[in-house]
1. Are any residues in region B:36-71 farther than 22 Å from A:F7 by Cβ and either touching a helix residue (DSSP H, G or I) at 6+ places or on another chain (Cβ under 8 Å) or of a type in the set (D, E, K, R) (or both), and if so, which ones?
2. Got a number for residues in region B:26-48 being in a loop (DSSP other than H, G, I, E, B) and out of contact with any Gly (no Cβ under 8 Å at 6 or more places or on another chain)?
3. From the list A:R15, A:R41, A:R5, which one is open to solvent by less than 50 Å² (accessible area, probe 1.4 Å), basic (K, R) and within 10 Å of the chain's Cα centre (by Cα)?
4. In region A:54-71, which residue that is without any contact (Cβ under 8 Å) to a residue 12 or more places away in the chain and in a helix (DSSP H, G or I) is farthest from the other protein chains (Cβ to nearest Cβ)?
5. Output the residue which, of all residues in region A:62-75 that are over 15 Å from A:R15 (Cβ atoms) and modelled with pLDDT of 95 or more, is most open to solvent (accessible area, probe 1.4 Å).
6. Return yes or no: is A:V36 surrounded by 15 or more Cβ atoms within 10 Å (Cβ to Cβ), closer than 22 Å to B:T69 by Cβ and of a type in the set (V, I, T)?
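The values are calculated or read from the model by the stated rules, or taken from the named source; none is laboratory data. Quick caveat: nothing in here was measured; it's all calculated off a predicted structure. Ideal geometry is used to build each Cβ from the backbone, glycine not excepted, and the neighbour counts take in all protein chains shown. With ligands, DNA and RNA removed, areas are computed over all heavy atoms of the protein, side chains included. Shrake-Rupley method; radii C 1.70, N 1.55, O 1.52, S 1.80 Å.
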Number of protein chains: 2
Amino acid sequence: MDIRRLFGANLRRLRDRAGLSQEAVAARMGVDRAHVSLMERGQQNVTLTTLWTVCEALGVHPVELFDETVGVDGP
Amino acid sequence: MDIRRLFGANLRRLRDRAGLSQEAVAARMGVDRAHVSLMERGQQNVTLTTLWTVCEALGVHPVELFDETVGVDGP
């Protein structure tokens, strides 16, 4: 399992559930939209403090970002 | 909540549950014992890939490292 892709797939799932755009999440986090896109595609090796910033932006708990039922597409 | 302290408290709890010393976990992770000690004290802003290395060393899932019932001592 690639933990970056698991995190990214859950970020996208939770963002969709919250009805937020990548721009809106980026604005809440104080980062560029491209950073959110890269995170969702599992291409960012984020730190715990960035993980917490995502949690605050989406109003979720860290465990929700590692939920395996999300289904990580492809290898 | 400080996510680094939540992670550290769970790392210590799960290491104890596995009956492993900091040296043993450090050896499994390929890092120095001091690094494990700093992580347990919430003083390391680890990345997702380091988080995954901890999971493999302890045989746990990432969600277990963010369990709030562990009780993070003090402010």
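1. B:V36, B:S37, B:E40, B:R41, B:Q43, B:G71
2. 5
3. Checking each option against the conditions leaves just A:R15.
4. The extreme case among them is A:T69.
5. If we take residues in region A:62-75 being over 15 Å from A:R15 (Cβ atoms) and modelled with pLDDT of 95 or more, then A:V63 is most open to solvent (accessible area, probe 1.4 Å).
6. So A:V36 fails the test.
The rows are residues; the columns are (1) in contact (Cβ under 8 Å) with a residue 24 or more places away in the chain; (2) among the charged types (D, E, K, R); (3) assigned to a loop (DSSP other than H, G, I, E, B); (4) within 11 Å of chain B (Cβ to nearest Cβ).
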position: A:G8; (1), (2), (3), (4): yes, no, no, yes
position: A:R12; (1), (2), (3), (4): yes, yes, no, no
position: A:R15; (1), (2), (3), (4): yes, yes, no, no
position: A:A24; (1), (2), (3), (4): no, no, no, no
position: A:W52; (1), (2), (3), (4): no, no, no, yes
